[in-house]
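Structure record follows, encoded as structure tokens.
The values are calculated or read from the model by the stated rules, or taken from the named source; none is laboratory data. Quantities reported herein were computed from a predicted structural model and do not represent experimental measurements. Every residue, glycine among them, receives a Cβ derived from its backbone with ideal geometry; neighbour counts consider all protein chains shown.
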């Protein structure tokens, strides 16, 4: 499958074109320079041919973060088969753009110059200035107004191989052509409102710094399947935590490549990045999410990034809660971990930066984690160093084991043997003098395991007895890493 990279300086409309081509608001767009930082990959259909589309960060420099973004973007362009170099048609051609464009041409790739923001007929005259780039593959478009995009699509289509056609040739060839019109579309507008406030988001202390083709098993899997929550062979794992605990470093270590930009700038990751890989016949999709901050410490586009993080958690079935083992834990860590509990996710607690933590305090640190995160008592703890990759490989088998626990279904007969023993050992207390009886239990759902307790008076199942039953089930069955949910109901009740 051919790779198409969209590249250019900040604020020329790369992410807007990316969204337009995949026909979905996926990449975060705004008028803030540096919104896109990591390379985002998505499948796209150009008319009727399949390709992999890459959205890259702006080619800017001047600080450590922007230098790394530029490096990642140029690396993506070098690995691509087709390069769309975007420029701003409302400004005059920049010498820096010409230099980069000529360098990309020397790579032997198919390179097109895409002049964006040609929003009306008057601005078409600006296009003549860009012919000094010396290329015939020049396209004046307006992503926000959806003007003249189809000519670019046809140029790309002609450069994609026939074997990537995904439908019969006798069908209409223009089925996936974008319908163009002159009405303004808000792909270039910021997708967040700084005046809106949402109490569900959390933000970091001011003094919290530092964030955090291949033939190996870690290679990027180009043909990524759509996520199906019922598919036990596909595990979607969100990597969450406050800023600067090492989430992006952990993703890079898991994949065995520098996939996410890592820098000392707090909040380096903005747009969640997901990558899939195969491990022991399972598809693992890791999602590097934006670092969460304390409420009130939001800055601009980060608000929308945090909304995306919340969406990613809702669509995951496992979370790696990353904590910085070299620093004291914060109340914010607990609040973030609470998102795992509220979304009923399988979980592993990752104590990162263990190479610089005080080793002699191991028992003390583990106990503090258990005391602070009692609601994640079911989650195993692993110590590792994402930076040095030490013990990162241990995570893979832990993930598979927990996925088995998360997806298991226990036979009703086996479940009731454990329930009967638990009832004999500790009877249910009465409620206002009324005897409470449990008739039987049955598991009605997986991922996570959900168990119905059929009884005469469902309101009589006190939360302390639920906890008692949960502990008994955990003793009898392998539920490490997964929540176990109970629903009390009457006979015949759905």
Worksheet item: Just a yes or no: is a residue in the range 50-60 at pLDDT below 85 and surrounded by fewer than 20 Cβ atoms within 10 Å (Cβ to Cβ)?
Response: yes
Worksheet item: Just a yes or no: is a residue in the range 90-104 within 27 Å of residue 42 (Cα to Cα), in the same structural domain as residue 18 (by TED's automatic domain parsing), at pLDDT 90 or above and in a strand (DSSP E or B)?
Response: no
Worksheet entry | Unique match (being touching a helix residue (DSSP H, G or I) at 6+ places or on another chain (Cβ under 8 Å), modelled with pLDDT of 50 or more and either buried (at least 21 other Cβ atoms within 10 Å of the Cβ) or under 30 Å from residue 50 (Cβ atoms) (or both)) among 255, 250, 313, 306 | 313
Practice prompt. Being assigned to a loop (DSSP other than H, G, I, E, B) and touching a strand residue (DSSP E or B) at 6+ places or on another chain (Cβ under 8 Å) is the filter; apply it to the range 326-342 and report the residue that is surrounded by the most Cβ atoms within 10 Å (Cβ to Cβ).
Written response: 329
Worksheet item: Quick one: is residue 136 outside any helix (DSSP H, G or I), surrounded by fewer than 17 Cβ atoms within 10 Å (Cβ to Cβ) and either at pLDDT 90 or above or not assigned by TED's automatic domain parsing to the domain that holds residue 50 (or both)?
Response: yes
Discussion item. Given the options 334, 360, 368, name the one that is modelled with pLDDT of 90 or more and over 24 Å from the mean Cα position of the chain (by Cα).
Written reply: 368
Practice prompt. Determine which single condition residue 44 fails, assuming it passes every other condition in (1) in contact with a strand residue (DSSP E or B) (Cβ under 7 Å, 6 or more places away or on another chain); (2) modelled with pLDDT of 80 or more; (3) closer than 14 Å to residue 18 by Cα; (4) surrounded by 23 or more Cβ atoms within 10 Å (Cβ to Cβ).
Written response: (4)
Worksheet entry | Filtered residues of the range 108-133 (kept if under 17 Å from residue 4 (Cβ atoms) and either surrounded by 12 or more Cβ atoms within 10 Å (Cβ to Cβ) or touching a strand residue (DSSP E or B) at 6+ places or on another chain (Cβ under 6 Å) (or both)) | 109, 110, 111, 112, 113, 114, 116
Worksheet item: Does the range 423-437 contain any residue that is crowded, with 18+ Cβ neighbours inside 10 Å, modelled with pLDDT of 90 or more and outside any loop (DSSP other than H, G, I, E, B)?
Response: no
